Every structure is written in C-alpha cells, then in structure tokens.
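What follows is a set of notes on a single structure, which appears directly below.
Please treat every number below as a calculation from the coordinates, not as lab data. Just so you know, these numbers come straight off a predicted model, no measurement behind them. Here the Cβ is made from the backbone with ideal geometry for all residues, glycine too, and neighbour counts use every protein chain on show.
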Amino acid sequence: MEKRGKYTTVSIPVTLYNRIKRVIEGTGFTSVSSFVTYVLREVVASYEEERSAEPFTEEEREKIIEKLRKLGYL
C-alpha cells in the first residue's frame, strides 16, 4: 500500500474549479486536486529559486564596488 502524506483542504471558487476541470480533460491529470498541487509546486519552487538567487551578477557586483571606491566609501 502506498504511504500518503498528510493533506489539508484549500477552498477555491466553484467557477475556477470548473475551469480547471475543463483544462485537464484529456491530460494525464486525474483530478483538479492533482493539477492544482502540480501548479502550486511549480509556482512555489520558482518563487523559492528567485528568492535564493544572488541579487547581482558578479560583473554588477564589481561595478558597484568600483563606484563605492570612487566615492570614497571603500
């Protein structure tokens, strides 16, 4: 028997539920819940990745440091 994790209920408007139901017709998704879980995992992963990314490239960082040096802060 497959061990399943704990779940909770999230409410969405019925109109959205029905739209999702139409969207997943003919796809590999077996339920609105499985589709919503997939979408939310993707969105959360993207958000987490964005937040953990460096705010500046190494080149931008070097330019900022050089500007601060020229201004006498470093």
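Tell me what the chain gives for mean residue ellipticity at 222 nm when only DSSP H runs of n ≥ 4 count, each as -39,500 (n - 2.57), the sum divided by the residue total, rounded to 500 deg cm²/dmol. Intermediate values should be presented prior to the final figure.
Values: 3 runs with 44 residues, N = 74.
The per-residue figure over the chain is -19500 deg cm²/dmol.
Using Stokes-Einstein with the Kirkwood hydrodynamic radius over Cα pairs, what translational diffusion coefficient do you get for the chain at 10 °C and a viscosity of 1.306 mPa s, in µm²/s rounded to a whole number? Walk me through the intermediate numbers first.
Numbers: Rh = 16.8 Å.
Once the numbers are plugged in, D ends up at 95 µm²/s.
In nm, to one decimal, how far is the modelled label at V39 from the one at V14, with both set 7 Å along Cα→Cβ?
1.9
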